[in-house]
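**Student:** One structure is given below, represented as structure tokens, and several questions about it will come after.
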Amino acid sequence: MGLSKMIWANPSEFLRIEQPLNPVMFFAPSVLQASARRFIDGFPGLVTYAVKSNPEEMVIQNLVAAGIQGFDVASPAEIEMVRRLAPTAALHYHNPVRGRHEIAYAVEMGVKSYSVDSRSELQKLIEIVPAEGAEISVRFKLPVAGAAYNFGAKFGATVELATELLATVAEAGFIPSLTFHPGTQCTDPMAWDAYLRAAAEICTNAGVKARRLNVGGGFPSHRLSTEIPQLDAIFELIGRVAHDAFDGEPPALVCEPGRALVAESFTLAARIKGLRDGEHVFLNDGTYGNLDELPITGIIDRIAVVSPEGVQRDGEAQPRVIFGPTCDSVDRLPGEVDLPSDLEEGDFLVFSGMGAYSTATNTRFNGFGDMKIATVMRLGL
Ligand SMILES: *Cc1c(COP(=O)(O)O)cnc(C)c1O
């Protein structure tokens with residue numbers, strides 16, 4: 001993956017001049033910093049960033065510059081990178097299952113916050129992490145819908161088990177806290193409502209006052225042109241319901257968005273390498289590349305089509321099947337996608353809102369996956 005040193009005015013300037021043959025991600029630091037400030041100003045608590053959604057070093061650096069002081073990390077490599085780029089930031093090691101050597105590494109690196117969702121993994125933390133000043137957040141789950149897919153299938157204790165674990169955390173001398181993740185791209189604010197009320201119930205039943213309550217990531221990004229995410233309404237609901245559920249004395253709130261912080265700051269340009277018999281669109285990027293999560297999370301229809309000269313196509317909308325470049329038949333974007341009828345081989349499909357789970361999950365399958373990140377002043381064409 002190449003990183004160009006220069007800063008371009010906008011994506012079409014780059015496309016016109018460079019005529020890239022491989023996919024290009026355009027990154028606008030100004031957009032990322034504005035997203036960070038929107039969270040910092042709007043969320044009623046501490047805002048941390050889930051590194052896995054986009055671990056590019058310039059993303060971390062710009063978030064720090066915008067005032068983000070905490071990071072959700074899941075592996076020794078993420079811990080090492082964030083420590084190097086943001087030595088004073090708080091690290092929350094919120095992968096509930098870790099090897100003993102990973103826990104020992106985190107302790108050595110000064111990590112003070114861990115999450116857990118089981119007896120066996122809590123026992124490991126108790127054995128390896130010095131309790132003094134260390135926080136353990138019990139991660140719980142509810143059978144609620146509202147997200148693009150359900151994280152509860154892998155992580156989270158039931159409310160009953162979480163009650164037991166929270167009491168054990170407190171008895172062992174750790175700072176007791178709670179955490180949950182409503183599932184990614186969660187467009188229903190009532191998911192947070194249900195989780196916040198369950199958190200209060202867990203505290204009451206455990207007889208433990210949680211120090212902090214981490215409401216997870218899951219905040220939606222803008223994917224469909226007709227559905228604008230309502231972040232302010234979600235922030236307002238979280239503040240109000242936490243207050244209500246905990247009788248006016250809620251734990252300190254924390255959130256750990258990945259997607260909603262980073263998505264809008266990257267735009268992907270993928271090129272049409274073939275328009276097979278005038279019908280199917282074959283791109284130089286697909287579901288083994290930067291479009292990896294679309295089959296799971298759904299299509300992003302915020303797509304402009306730009307000619308090699310940098311002119312936006314404006315033909316009438318025509319539904320198209322879009323394939324990626326590999327020889328695997330699952331390498332296809334979901335459904336059919338409306339694109340201008342005058343598109344041609346050599347044009348660029350420019351997808352907005354592509355910063356999350358894209359470069360991070362790009363593979364080299366079938367010899368593809370080479371790409372470039374170009375920094376731009378603004379993302380508008
Ligand atoms: C992935 C993850 C996040 C970020 O989720 P988004 O849906 O991208 O906001 C937050 N917390 C934990 C523990 C995660 O695993």
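Just so you know, all these numbers are worked out from the coordinates, no wet-lab data involved. Keep in mind it's a predicted model, so treat the numbers as computed, not measured. Note that each Cβ is placed from the backbone with ideal geometry, even for glycine, and that neighbours are counted across all protein chains shown.
**Student:** Relative contact order for region 1-101: what percent, with Cα pairs under 8 Å and sequence separation of 6 or more?
**Tutor:** In percent, rounded to a whole number, it is 21.
**Student:** Express in whole angstrom the spacing between the alpha-carbon centres of region 229-283 and region 73-114.
**Tutor:** Each part reduced to its Cα centre gives a spacing of 24 Å.
**Student:** Ok, one more. For the pair ALA77/MET109, report the inter-label distance in nm, with labels modelled 7 Å from Cα in the Cβ direction.
**Tutor:** 1.2 nm
**Student:** Ok, one more. Please report SER118, SER358 as a ranked list, fewest other C-beta atoms within 10 angstrom at the top and most at the bottom.
**Tutor:** Fewest to most other Cβ atoms nearby, the residues stand as SER118, SER358.
**Student:** If we count other beta carbons within 10 Å of each Cβ, what is the order of GLU132, GLU336, fewest first?
**Tutor:** GLU132, GLU336
**Student:** Given the options THR158, THR359, THR187, state which has the largest fluctuation in a GNM of the chain using a 10 Å cut-off (strictly under) for Cα springs.
**Tutor:** THR158
**Student:** What are the residues whose amide H is under 5 Å from the amide H of THR184, where those residues sit 5 or more places off or on another chain and H is modelled from the backbone?
**Tutor:** Placed amide hydrogens put ALA148, TYR149, PHE151 under 5 Å from THR184.
**Student:** Report the relative contact order of the chain, percent, no decimals, based on alpha-carbon pairs under 8 angstrom and at least 6 residues apart.
**Tutor:** The normalised contact order for the chain reaches 24 percent.
**Student:** Can you give the charge dipole size of the chain about its Cα centre, rounded to the nearest 20 debye, using +1 on the beta carbon of Lys and Arg and -1 on the beta carbon of Asp and Glu?
**Tutor:** In total the dipole reaches around 820 debye.
**Student:** What GluC sites (Glu not before Pro) in region 138-236 are in a loop by DSSP, with at most 12 other Cβ atoms within 10 Å of the Cβ?
**Tutor:** Loop-located and lightly packed - GLU227.
**Student:** Once amide H atoms are built 1.01 Å from N in the peptide plane, which residues 5 or more positions from ALA50, or in another chain, come under 5 Å H to H?
**Tutor:** Here ASP72, GLY258 satisfy the definition.
**Student:** Across region 180-190, in residue order, what do the Karplus-derived ³J(HN,Hα) couplings come to in whole Hz, using 6.51 cos²θ - 1.76 cosθ + 1.60 with θ = phi - 60° and x for Gly and Pro?
**Tutor:** Going residue by residue, I get 8, 9, x, x, 6, 6, 8, 9, 9, x, 5 Hz, with x marking Gly and Pro.
**Student:** Can you give the FRET efficiency to the nearest 0.05 for ARG302 and HIS101, using r as the Cβ-Cβ distance and R₀ = 56 Å?
**Tutor:** 0.85
**Student:** Starting from the eigenvalues of the Cα gyration tensor, five times each then square-rooted, give me the equivalent ellipsoid semi-axes of region 30-262, largest first, whole Å.
**Tutor:** In descending order, the three semi-axes are 25, 23, 15 Å.
**Student:** Can you give me the angle between helix 29-42 and the longest principal axis of the chain, using Cα atoms only, in degrees from 0 to 90, rounded to the nearest 10?
**Tutor:** The answer is roughly 30 degrees.
**Student:** Out of residues 5 or more away from VAL376 or on other chains, whose amide H comes under 5 Å of its own, with H placed 1.01 Å from N in the peptide plane?
**Tutor:** Residues meeting the criterion, in which the H sits 1.01 Å from N, are TRP8, PHE27, ALA28.
**Student:** Hey, what do the phi angles of region 92-108 turn into as Karplus ³J(HN,Hα) couplings, whole Hz, using 6.51/-1.76/1.60 and θ = phi - 60°, x for Gly and Pro?
**Tutor:** Rounded to whole hertz, the list is 10, 8, 9, 9, x, 10, 9, x, 4, 5, 6, 5, 4, 4, 4, 4, 4.
**Student:** Over region 246-286, what is the mean sequence separation of C-alpha contacts under 8 Å (at least six apart), divided by residue count, expressed as relative contact order in percent?
**Tutor:** Answer for region 246-286 is 25 percent.
**Student:** While we're here: Got a sec to turn the phi values of region 288-302 into Karplus ³J(HN,Hα) couplings, 6.51 cos²θ - 1.76 cosθ + 1.60 with θ = phi - 60°, whole Hz, x for Gly and Pro?
**Tutor:** 9, x, 6, 9, 3, 8, 4, x, 8, 8, x, 5, 9, 9, 7
**Student:** Once both axes come from the Cα atoms, what is the angle between helix 76-85 and the longest principal axis of the chain, in degrees from 0 to 90, rounded to 10?
**Tutor:** Once rounded, the angle reads 80 degrees.
**Student:** Hey, what number do you get for the chain at 222 nm if only DSSP H runs of n ≥ 4 count, each worth -39500 (n - 2.57), divided across all residues, to the nearest 500?
**Tutor:** -9000 deg cm²/dmol
**Student:** Now a separate question. Compute the helix-to-body angle for 119-128: its Cα long axis versus the longest principal axis of the chain, expressed 0 to 90° and rounded to tens.
**Tutor:** For helix 119-128, the angle is close to 80 degrees.
**Student:** What is the packing order of peptides 249-257, 32-40, taking the mean over residues of other C-beta atoms within 10 Å and listing the highest first?
**Tutor:** Ranking, from highest mean packing down: 249-257, 32-40.
**Student:** Distance from the Cα centre of region 54-69 to that of region 288-304, in angstrom?
**Tutor:** Value for the Cα centre distance between the two parts: 24 Å.
**Student:** Taking the beta-carbon count within 10 Å as an exposure proxy, list LYS372, LYS154 from fewest neighbours to most.
**Tutor:** Final ranking by Cβ density, sparse to dense: LYS154, LYS372.
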